Each structure stands twice: as structure tokens, then as C-alpha cells.
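Here's the structure, in C-alpha cells; my notes come after.
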Amino acid sequence: MEAKTLIRALSLLALLLISSDAVAQVSKLRLTGSTTMAPLMVEVAKRFQAQHPLVQLDVQMGGSGQGVRDVRQGKADIGMVSRALNETEHDLYGVPIGRDGVAVIVHRDNPVGTLSNDQLLSIYSGKITNWRQVGGRDASIRALAGTREGGSSELFNHYLGLSYDQIKAQGRIAANSERIKAVSIDPLAIIYVSVGEAERKAQEGAFIKLLAIDGIAATSRNVRNGNYPLSRPLTLITRETPTGITRTFIEFCVSSQITDLVVTFDFVPYLD
């Protein structure tokens, strides 16, 4: 009788140890930041979770700046930043997982097909206000911009040599999808957006056109070969050198296991 009781007790103890060990292995990772990277990272998270079922991943948008702030404040384990880290962020640990470009788009019926750097600067500094001045129809330009938080805004502003507050725009739009929608219904509009998403939406029938910059077409191929000037890295950041499950996830993101997903979203694998 005592032997049976002892066996049952040992069995129960073993079960409790196994259960507590399983609970200990359950991990949660929160990613916040770039609206450009978020759709890709949602799919990457699903694939990672299929291999690591005890890891829960939460992907939230908010812009690259939000990703930096959340990581600094401990509100996120990993930040998504669709640009290179700047001089004030060198204390953070950044790992690029892909490349993207920022395209300037207009309505598909707009006859303008390319803009020079000077023309683009003049439009967004308010010096050029009519499409006729750049080879288009006699109609006012409706210049739109991204929000301050977006990595595309930082890249675009830096490229033009303007601060965010110097940009002259009639509207500010956060998400790439909403920017594309705004231009597709407004023949006078112009805005900048992710090359990959703009290409994909144009192929799906959106009424937009990607403008060449100084004669260089805004394509994923030109981002890949380094010819397109408005390009950027897609970066995952942490407050410190990643360890544990955070490191495992980031290593997964720079491996060949997600290359097909990067390509599916019209980004360029970083190691190409």
C-alpha cells in the first residue's frame, strides 16, 4: 500500500515538474513600429510560431519612431524600423533583414512619368504648385506626405534635405495602403510610399503610377542592384544585444527560412 502511494506521489510530482517546465518555456515577444514592415513580420511570426508553438508573438504598427521609443521604454522586445539607425540611436542593437525603396506615386492618368531631384524638392518645398511646371496638365498639385513617425518620411526628408516641418503638404497619411488609396482616387495628388507595396498594388489594378527619379525607375530590381536612390534597410532593433528567444527569433529573420516571404512582399533579401 505504501509502495503504491509512493509511486502515485512520484508520478504526480513528475507531472507537476513537466507542467511547470512547459509553462516556463512559454515566451512572449512584442514587436512594434514600422507600418511598412508589419505585414511581413506578421507572416514571419506565424512561420516562427509553427516551429516554436510555445512562443507568442504580437506585432503592432505605429511607425518606426514608435518602435524606437517602445524598445527604449521596455514596452516592446523588438522594434521594427524601416530605415538605418541614426546618430542618436547608436546605443541600440540593429539587425537589417531586408531592403526597400520609397517610391513617389501619382494617379495612373497623370502624364508625368519622371521627376528630377530639383523638381521633387520644389514640389515639396512649395515652389512648384502646378503640374504644368513639370510637364503635366494645367492643374494644381495636391502634395501629400507621410506622418512624422514613418521611416519613409525620414528617408524622403533626408533625401530632399528638408526637415519634416519644412515639407509643404495638404495632407498627412500614415499607412502605405491609405496613401495609395488617396492617390488612386485623386488625379492631382502625389505622395511617397514603399516601392514594394506600390508595385504590388499597381499590379493588382490600383490607379497609381510609380515615378522615375532622375530617370531611374522605382522598381524592386533597382533597389536590389543599388541604382535607385531612395532606398532603405528594414531593421529589427533591441535595447541590448539580443539573448534567449529574442535572439532565436532575430536569427530566424536573417536566415533563408524567410527569404520567400521577403520576396513575396516585394522587398529585397538583405544578403542578396
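The values are calculated or read from the model by the stated rules, or taken from the named source; none is laboratory data. Predicted model, so just to flag it, every value in this text is computed and none were measured. Cβ sites come from the backbone with ideal geometry, for glycine too, and all protein chains shown count toward neighbours.
Here is the figure for region 122-176: residues that are modelled with pLDDT under 90 and either buried (at least 20 other Cβ atoms within 10 Å of the Cβ) or over 21 Å from residue 228 (Cα atoms) (or both) total 11. Selection of first residues in region 205-234 that are without any contact (Cβ under 8 Å) to a residue 24 or more places away in the chain and of second residues that are of a type in the set (S, T, N, Q), restricted to Cβ pairs under 9 Å at least 6 apart or on distinct chains, gives the following pairs, ordered by first then second residue: 216/114; 216/222; 216/227; 217/114; 217/227; 221/227. Considering the conditions (1) in a helix (DSSP H, G or I); (2) within 20 Å of the chain's Cα centre (by Cα); (3) aliphatic (A, V, I, L, M), residue 245 is excluded by exactly one of them, (2).
Among the residues of region 44-60, is there at least one that is at negative phi, in contact (Cβ under 8 Å) with a residue 12 or more places away in the chain, outside any loop (DSSP other than H, G, I, E, B) and charged (D, E, K, R)? Yes, region 44-60 contains a residue that is at negative phi, in contact (Cβ under 8 Å) with a residue 12 or more places away in the chain, outside any loop (DSSP other than H, G, I, E, B) and charged (D, E, K, R). Of the residues making up region 61-75, those that are part of a loop (DSSP other than H, G, I, E, B) and under 16 Å from the mean Cα position of the chain (by Cα) number 2. Can you name every residue in region 121-161 that is part of a helix (DSSP H, G or I) and among the small types (Gly, Ala, Ser)? 122, 151, 152, 153, listed by residue number. The single condition among (1) crowded, with 19+ Cβ neighbours inside 10 Å; (2) touching a helix residue (DSSP H, G or I) at 6+ places or on another chain (Cβ under 6 Å); (3) more than 30 Å from residue 71 (Cα to Cα) that residue 180 does not meet is (3).
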